[in-house]
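Undergrad: Please see the structure below; I have some questions.
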Amino acid sequence: MGSEVIKQIMKAKGYKGQYLADKLGIKHQTWRNKLTRDTWTVEEFIQVLEFMNCSFVIRDLDDDPSDE
């Protein structure tokens, strides 16, 4: 699931895999493997999103004001 999110953002914003691999300090082939196998650590996933000027948000649905 994480790879699909990353791929969609990359396409929408025009980011290339080599750029993001370089930012993570990994080889391009390792980047491609992570995308194919969807083997992101939470830290890597968040880093990639931040490199693309996005954020990852977790919110407690019990605290949703629209439920009131």
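Undergrad: Taking the Cα centre of segment 1-64 as origin and charging only Cβ (+1 Lys, Arg; -1 Asp, Glu), how large is the dipole, in debye to the nearest 20?
TA: With only Lys, Arg, Asp and Glu charged at Cβ, the dipole is about 700 debye.
Undergrad: Which of Gln29, Gln8, Val57 sits farthest toward the positive end of the charge dipole of the chain, with +1 on the Cβ of Lys and Arg and -1 on the Cβ of Asp and Glu?
TA: Gln29
Undergrad: Restricting attention to the alpha-carbon atoms of the chain, what are Rg (one decimal) and Dmax (integer), both in Å?
TA: Cα only, the chain: 14.2, 49 Å (Rg, Dmax).
Undergrad: Among all stretches of the chain without exposed trypsin sites (Lys or Arg not before Pro) (DSSP loop, at most 12 other Cβ atoms within 10 Å), which one is longest?
TA: Between exposed loop sites, the widest span is 28-58.
Undergrad: Still on this structure: If you filter segment 4-65 for chymotrypsin sites (Phe, Trp or Tyr not before Pro), then keep DSSP loop positions with at most 15 other Cβ within 10 Å, what is left?
TA: Phe56
Undergrad: Now, a different point. Rolling a 1.4 angstrom probe over the protein chains, ignoring ligands and nucleic acids, what is the accessible area of Glu4 in square angstrom, nearest 10?
TA: Probe radius 1.4 Å; accessible area of Glu4 about 100 Å².
The values are calculated or read from the model by the stated rules, or taken from the named source; none is laboratory data. Bear in mind the structure is a predicted one, so any value in this text is a computation, not a measurement. A quick note on method: Cβ atoms are made from the backbone with ideal geometry, for glycine too, and the neighbour counts reach across all protein chains shown. Side chains are part of the model used for accessible areas, which takes the heavy atoms of the whole protein and leaves out ligands, DNA and RNA. Shrake-Rupley method; radii C 1.70, N 1.55, O 1.52, S 1.80 Å.
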